[in-house]
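Below is one structure, written out as structure tokens; the observations come after it.
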Protein chains: 2
Amino acid sequence: MSDKAAPSTETRTTSLNNLPPHQGGAEALARLLARALFAGRWRPGDDFPKEMDLCHHFAVSRNQVRNALASLTATGLIERTAGRGSVVRMVDDWHLLDPLVSDWMTGIESLDASLIREIFAFRYSAEPVVARLAADAAEPADLDRLEAAYQGMCATADKPGARDLHAEHDVAFHDAIYRASHNLVWRQMGHLLRPSIIALIQSSQARVSGEHEGLDDSLARHGRVLEAITRRDGAAAESAAREVLRRTAIDLAIVPTPSHSHPTPEDSP
Amino acid sequence: MSDKAAPSTETRTTSLNNLPPHQGGAEALARLLARALFAGRWRPGDDFPKEMDLCHHFAVSRNQVRNALASLTATGLIERTAGRGSVVRMVDDWHLLDPLVSDWMTGIESLDASLIREIFAFRYSAEPVVARLAADAAEPADLDRLEAAYQGMCATADKPGARDLHAEHDVAFHDAIYRASHNLVWRQMGHLLRPSIIALIQSSQARVSGEHEGLDDSLARHGRVLEAITRRDGAAAESAAREVLRRTAIDLAIVPTPSHSHPTPEDSP
DNA sequence: CTTGTCAAAATGTCAGACATTTATTAATCT
DNA sequence: AGATTAATAAATGTCTGACATTTTGACAAG
């Protein structure tokens with residue numbers, strides 16, 4: 001009748017059962033299910049496992065399962081109807097801007113490539129504008145955060161062992177830009193950066209070893225953003241931020257050609 | 001000891017008890033509480049009513065109350081801790097990008113002015129960029145939506161009885177721009193428009209009767225955005241979209257002076 | 001072939017008891 | 001008297017079982 005969603009949960013239960021002892025109960029279960037969903041365990045339109053199956057397979061009470069599924073429902077990942085069951089919703093309906101979703105997404109290796117492209121396309125169009133706002137509104141504390149993150153990136157560059165730490169500083173740098181805009185809405189969008197940056201670093205890891213100059217170059221461009229914001233030069237900050245993202249944008253085929261991408265005065269040096 | 005949050009709920013229960021018979025149970029209760037919160041019923045840091053008090057005052061089961069409070073928790077409006085109770089979180093922590101929050105906010109008359117300014121400042125910086133993207137990515141269906149919304153705005157202009165309908169078409173127009181960008185993230189931000197536009201129309205209602213020319217002028221500017229997007233002229237769409245928002249931005253003191261706000265080539269005429 | 005009714009399955013809801021955390025108050029020891 | 005500890009109360013979190021509601025499919029009657 002229904003597809004083999006539930007039985008297949010039984011078979012692959014091994015990979016899902018080894019969760020860190022007991023964290024937040026429902027919270028941990030929601031994270032687990034969401035990450036399995038993002039990893040491609042089920043596709044939009046598929047039937048999601050039934051409550052009782054999850055109760056049995058994870059040996060938790062129905063309450064925990066219901067709370068976890070409530071989180072997935074609230075974030076638009078699944079839809080539940082009375083006597084029918086739960087189905088995975090279309091990607092268009094996922095609340096990508098919910099901090100929970102961003103948190104769940106971080107570190108998923110097999111994220112849908114088109115999803116990464118969508119998120120990065122957003123960043124590519126938004127972050128330059130935010131950098132301009134940041135140059136206008138930044139306060140000393142913001143500049144300190146930016147400087148600290150940049151120094152952290154410098155300290156962890158070229159060290160293959162500290163790649164995760166470097167990524168963390170990278171996230172912190174971009175997040176500091178959003179915070180420096182001093183706008184409630186832009187600020188909350190900083191959450192969206194984490195999965196995107198992590199995924200990009202993971203995927204560019206292969207390429208970077210071939211071309212080699214990528215890392216230093218990226219570092220220099222970040223430095224130029226920091227310098228422009230410190231100098232309170234909005235226009236320079238905007239184009240510098242665009243330069244930071246441009247190469248990755250080209251690789252992801254988001255910007256058609258590197259020539260006439262954005263006719264801003266400062267764009268053609 | 002604790003402030004008078006709970007007792008005052010008793011006294012003013014009259015204004016909250018007349019809810020449309022019974023809609024979605026917990027869903028309706030969450031909406032009710034959220035709107036009361038947005039209307040200034042409690043301020044950040046205040047104690048939120050206890051579960052049992054809400055159960056008693058609204059004559060609903062504890063389950064309903066817990067589900068409603070779970071929604072408020074998930075959207076960052078309140079924070080609940082084990083034996084302490086629930087407190088209202090700072091505005092910075094509210095998930096303004098959650099569709100639920102936008103929905104709850106629409107139509108609140110006494111919204112915090114600074115919150116409206118923050119949301120509009122975001123729109124003022126973002127929407128021009130989105131308009132540029134829309135000009136590049138719009139498909140026939142998108143143009144149809146834009147055209148339909150614009151016609152709707154024209155048909156309901158200058159008719160004082162159809163102000164709500166005009167606002168609805170206004171929302172549809174701007175939402176169509178975001179959808180036309182064909183980017184998952186930008187698209188989901190369309191939800192953020194509704195409370196902002198409604199609030200602005202309500203607040204500008206007094207001013208418009210004095211200056212009079214505001215409405216026709218706004219209509220013409222919207223038309224210029226539509227025309228630029230149809231013409232696939234990204235630069236023109238960007239500046240036209242900025243023009244739509246500029247006057248309101250000036251009134252809200254978001255853009256410092258009307259002269260050197262954004263040095264884009266098409267910006268001077 | 002259509003329609004009506006019944007039964008099974010799944011989610012939604014309720015009520016009560018119990019567990020856990022937090023804060024206050026009282027008691028005890030130095 | 002002051003500080004530390006123990007008991008108590010209040011609030012939220014959790015579990016369990018039963019019941020309600022909705023959906024779907026099967027089966028029989030027309």
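Compute the Rg to Rh ratio over the stretch A:93-145 from the alpha carbon atoms, using the Kirkwood formula for Rh, and round to two decimal places. Walk me through the numbers before you get to the answer.
On the way: Rg = 14.6 Å, Rh = 13.4 Å.
Dividing the radius of gyration by the Kirkwood radius yields 1.09.
Compare the peptides A:230-236, B:68-74 by average per-residue count of other Cβ atoms within 10 angstrom and give them in order, highest first. Walk me through the numbers before you get to the answer.
Details: A:230-236: 16.0, B:68-74: 20.7.
The peptides rank, most packed first, as B:68-74, A:230-236.
Order the peptides A:187-193, A:155-161 from the highest to the lowest mean number of other Cβ atoms within 10 Å of their residues.
Values: A:187-193: 21.9, A:155-161: 11.4.
Going by the mean number of other Cβ atoms within 10 Å, highest first, we get A:187-193, A:155-161.
Considering every residue in B:118-128, what mean count of other chain Cβ atoms within 10 Å of its Cβ is obtained? Walk me through the intermediate numbers first.
Values: counts 6, 3, 1, 8, 9, 1, 1, 9, 8, 0, 1.
Partner Cβ neighbours, averaged per residue: 4.
Does the stretch A:89-226 come out rounded, prolate or oblate by the C-alpha gyration tensor, with a ≥ b ≥ c the root eigenvalues, rounded set by a/c under 1.5 and, if not, prolate when a/b is larger than b/c and oblate if not? Could the numbers behind the result be given before it?
Values: a/c = 1.82, a/b = 1.04, b/c = 1.76.
The shape class here is oblate.
Please find, among residues of chain B, the one with the beta carbon closest to the rotation axis relating it to chain A, distance in whole Å.
Per the Cβ-to-axis criterion, the result reads B:LEU97, 2.
Take the Cβ-Cβ distance between A:ARG232 and B:GLU147 as r, set R0 to 35 Å, and report the resulting FRET efficiency rounded to the nearest 0.05.
On the way: r = 42 Å, r/R0 = 1.21.
Working from the Cβ atoms, E equals 0.25.
Rounded to the nearest 0.05, what FRET efficiency do B:GLN202 and B:ALA155 have when you use their Cβ-Cβ distance and R0 = 22 Å? Let's see the in-between values first.
Numbers: r = 21 Å, r/R0 = 0.95.
Efficiency at R0 = 22 Å is approximately 0.55.
How well do other chains shield peptide B:90-99, expressed as the mean number of their Cβ atoms within 10 Å of each residue Cβ? Present the calculation step by step, with values, prior to reporting the outcome.
Values: counts 0, 1, 3, 3, 2, 7, 5, 11, 9, 5.
Taking all residues of B:90-99 together, the mean is 5.
Shortest first and in nm with one decimal, please list how far the B:LYS159 label point sits from its counterparts in the other copies (point 7 Å along Cα→Cβ).
Result for B:LYS159, in nm, nearest copy first: 6.9.
Given a 1.4 angstrom probe, I'd like the percentage of the accessible area of the stretch A:99-267 that is carbon and sulfur, rounded to a whole number. It would help to have the intermediate numbers written out before the result.
Details: 3910 of 7300 Å².
Percent of accessible area from carbon and sulfur atoms in the stretch A:99-267: 54.
Report the charge-dipole magnitude of the stretch B:99-267 in Debye, nearest 20, computed about the Cα centre from +1 at each Lys and Arg Cβ and -1 at each Asp and Glu Cβ.
Working: 17 positive and 26 negative charges, 40 e Å.
In debye, rounded to 20, the stretch B:99-267 gives about 200.
Mean projection of the alpha-carbon convex hull of the stretch A:40-167 over all orientations, in nm²?
On the way: hull surface 46.5 nm².
Its average projected convex-hull area is 11.6 nm².
Work through the residues other than B:ASN63 whose Cβ is under 14 Å from its Cβ and net out their charges, Lys, Arg +1 and Asp, Glu -1. Walk me through the numbers before you get to the answer.
On the way: positive: A:ARG62, A:ARG66, B:ARG62, B:ARG66; negative: B:GLU27, B:GLU51.
Around B:ASN63, the surrounding residues sum to +2.
If you put a point 7 Å past Cα along the Cβ direction, how far is that point for A:ARG84 from the same point in each other copy, in nm, smallest first?
A:ARG84 label point versus its equivalents elsewhere: 4.1 nm.
Return the average number of partner chain Cβ atoms within 10 angstrom of each residue Cβ along peptide B:180-190. Can you show the working numbers first?
Values: counts 0, 3, 2, 9, 13, 12, 5, 4, 9, 5, 0.
Taking all residues of B:180-190 together, the mean is 6.
Any idea what the B:GLY24 label distances to the other copies are, label 7 Å down the Cα→Cβ vector, nm, shortest first?
Ordered by distance, the counterparts are at 2.2 nm.
Can you figure out the FRET efficiency of A:VAL91 with A:ALA253, using R₀ = 22 Å and their beta-carbon distance, to the nearest 0.05? Walk me through the numbers on the way to the answer.
On the way: r = 19 Å, r/R0 = 0.86.
Efficiency at R0 = 22 Å is approximately 0.70.
May I ask for the distance between the Cα centers of the stretch A:71-91 and the stretch A:133-158, given as a whole number of Å?
40 Å
Specify whether the C-alpha gyration tensor of the stretch B:119-174 places it in the rounded, prolate or oblate class, a ≥ b ≥ c being the square roots of the eigenvalues: rounded for a/c under 1.5, otherwise prolate if a/b is larger than b/c and oblate if not.
Working: a/c = 3.55, a/b = 1.38, b/c = 2.56.
Judged from the Cα gyration tensor, the stretch B:119-174 comes out oblate (a/c at least 1.5, b/c at or above a/b).
The values are calculated or read from the model by the stated rules, or taken from the named source; none is laboratory data. All of these numbers come straight from a predicted model, not from anything done at the bench. Ideal geometry is used to build each Cβ from the backbone, glycine not excepted, and the neighbour counts take in all protein chains shown. Surface accessibility is based on the protein's heavy atoms, side chains included, excluding ligands, DNA and RNA. Shrake-Rupley method; radii C 1.70, N 1.55, O 1.52, S 1.80 Å.
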